[in-house]
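Note sheet for the following structure.
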């Protein structure tokens, strides 16, 4: 299992950042999958995401200052993937942080988890780019 983290300072208020974040938007911002369906549940939100014939469920839990989400079950590119996005005021803007833990069910795990972390870090950076652009 590998963990990756990225952060970005944006010249926007936390309220402005909050307005551009939603479960479906986060899937879209990452750029690897498209949100196909969003289902509001009592304890969170499920987004069915798809790309190239692959579909997976992502379960989102809203936090006071962001979201925590994870890939549901084994239908997806990872054996396990959990991500947290948070935002907090900083100077005259907001610091947006994303961290993700990933693992693949492939061997040699040392190599495949490193590749998964590299891919995930790229998705997180792309999401921060999209968030900044949306502001």
14 Å reach of a label modelled at residue 80, 7 Å along Cα-to-Cβ, counting backbone N of segment 1-45 | 1-4
Between residue 34 and residue 90, what is the FRET efficiency for a Förster distance of 35 Å, r being their Cβ-Cβ separation, to the nearest 0.05?
-> 0.65
With axes computed from alpha carbons, what is the tilt in degrees of helix 109-134 against the longest principal axis of the chain, rounded to the nearest 10 within 0 to 90?
-> 30 degrees
If you build a Gaussian network model of the chain, linking Cα atoms that sit under 10 Å apart, which residue out of 97, 15, 68 swings the most?
-> 15
Hey, fewest Cβ within 10 Å first, where do 28, 72 land in order?
-> 72, 28
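Please find the FRET efficiency linking residue 115 to residue 7, where r is the Cβ-Cβ separation and R0 is fixed at 35 Å, and quote it to the nearest 0.05.
Working from the Cβ atoms, E equals 0.95.
No lab work stands behind these numbers, since they all come straight from the coordinates. No experiment lies behind these values; they were computed from the predicted model shown. Counting neighbours? That spans all protein chains shown, and the Cβs are built from the backbone with ideal geometry, glycine included.
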